[in-house]
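Chemist: Encoded as structure tokens, here's the structure I'll be asking about.
The values are calculated or read from the model by the stated rules, or taken from the named source; none is laboratory data. Since the structure is predicted, the reported quantities are computational estimates derived from the model, not experimental observations. Here the Cβ positions follow ideal geometry from the backbone for every residue, glycine too, while neighbour counts run over all protein chains shown.
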Amino acid sequence: MYGAIALVVASGLVVATPQPSKADINIFDLIFNGIQYIQLSNLNDEQEVDLGRQTDQALQRQGVRIYNSNPAVVNYVDEIGQRLATTSARSNIPYTFQVVADDSVNAFATSGGFVYIHTGLIREADTEAELAGVIAHEIGHIAGRHAINRMRDIALTNGIVGALGVSQDDLVNIGVQLALFLPNSRGAEYHADELGFENMGLAGYDQQGLITFMSKLAEGGSPPEFFSTHPDPNNRVNNLQTMYQESRQPGATDGNNPEVYRSQISGV
Ligand code: ZN
């Protein structure tokens, strides 16, 4: 879509600057000396998706290993994700669900519909409803525009927003930092839990899945990556249990069979 993206390596050096084609230029973007600038106040969905794609490529250059040795499992995760994307509070953008070859129990989302699930988390879940709960939570971060809002805040705080906007390279670098190192705020985590919980029910999944998965992790010895963020896991579980009692989706009971789940993820 956009041709004028300078490829930036970890050192921040510009290593390649492809020439833009006229068709690539969005009216909200400005191309200046081969660097693309984005006006964050006008960021549209198409730009956010493109930013997510650029961030995805940068994450992979940083060593995030996309798992594709077991296509059946990759497709399975994508099917769950697309089912939840359809009923999400932000269903009008494309979603990309990818499995990361990493034993740690973690999942994360960047911007523009990009969601990452570690193989370690897939193994830790006992049912499809539990995995769906985590994916729904990550979709909640995207629906809540949590990453994109933080990117804006960080860009403003660091004084890298000029008259032209922010360079796409700078935004991508911030996106990578957020995805790998900087936890979400408490408010964003609760918001993603709430959006995810609601979405699970709309998609027909048993909403207990998110609760049982979080409870299991909260009871474990050392808190996994998924809980490296501020809110106490037990508070999140309590919050979800209250939602379950007060506003669960009647008839949402899918994804509860552990044997079916085991067979779907065999070989991971
Ligand atoms: Zn989260």
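Chemist: All but one of (1) surrounded by fewer than 23 Cβ atoms within 10 Å (Cβ to Cβ); (2) more than 16 Å from the ligand (Cβ to nearest atom); (3) not small (Gly, Ala, Ser) hold for PHE108; which doesn't?
Modeler: All conditions are met except number (2).
Chemist: Looking only at segment 129-155, count every residue that is modelled with pLDDT under 95, buried (at least 24 other Cβ atoms within 10 Å of the Cβ) and within 13 Å of the ligand (Cβ to nearest atom) and tell me the total.
Modeler: 1
For (1) modelled with pLDDT under 95; (2) surrounded by 21 or more Cβ atoms within 10 Å (Cβ to Cβ), each residue gets a yes or a no:
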| position | (1), (2) |
| --- | --- |
| LEU13 | yes, no |
| GLN19 | yes, no |
| PHE28 | yes, no |
| ILE31 | yes, no |
| ILE80 | no, yes |
| ARG83 | no, no |
| TYR95 | no, yes |
| GLN98 | no, no |
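Per-residue answers, yes or no, for (1) within 16 Å of the ligand (Cβ to nearest atom); (2) hydroxyl-bearing (Ser, Thr, Tyr); (3) farther than 18 Å from VAL100 by Cβ:
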{"site": "THR119", "(1), (2), (3)": "no, yes, no"}
{"site": "ALA163", "(1), (2), (3)": "no, no, yes"}
{"site": "VAL166", "(1), (2), (3)": "no, no, yes"}
{"site": "LEU180", "(1), (2), (3)": "yes, no, no"}
{"site": "SER185", "(1), (2), (3)": "yes, yes, yes"}
{"site": "LEU210", "(1), (2), (3)": "yes, no, yes"}
{"site": "PHE213", "(1), (2), (3)": "yes, no, no"}
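Chemist: Okay, moving on. Take residues that are at pLDDT 90 or above, surrounded by 13 or more Cβ atoms within 10 Å (Cβ to Cβ) and over 21 Å from the mean Cα position of the chain (by Cα) and tell me which of the helices (runs of 4 or more DSSP H) falling wholly in segment 157-268 contain 1 or more.
Modeler: Counting at least 1 such residues, we get 208-219, 233-247, 258-264.
Chemist: When ASP56 is evaluated against the numbered criteria (1) surrounded by fewer than 19 Cβ atoms within 10 Å (Cβ to Cβ); (2) modelled with pLDDT of 95 or more; (3) not hydrophobic (A, V, I, L, M, F, W, C), which criterion, by number, is the only one it fails?
Modeler: (1)
Chemist: Now for a separate question. Report every pair of residues separated by at least 6 positions or lying on different chains whose Cβ atoms are under 7 Å apart, first residue within segment 193-213 and over 13 Å from PRO250 (Cβ atoms), second within 15 Å of the ligand (Cβ to nearest atom) and of a type in the set (Lys, Arg).
Modeler: If the second residue must be within 15 Å of the ligand (Cβ to nearest atom) and of a type in the set (Lys, Arg), the pairs left are ASP193/ARG236.
Chemist: Kindly establish whether ASN158 is in contact (Cβ under 8 Å) with a residue 40 or more places away in the chain and either closer than 27 Å to THR55 by Cβ or within 14 Å of the ligand (Cβ to nearest atom) (or both).
Modeler: Taking the combined requirement at face value, the residue does not satisfy it.
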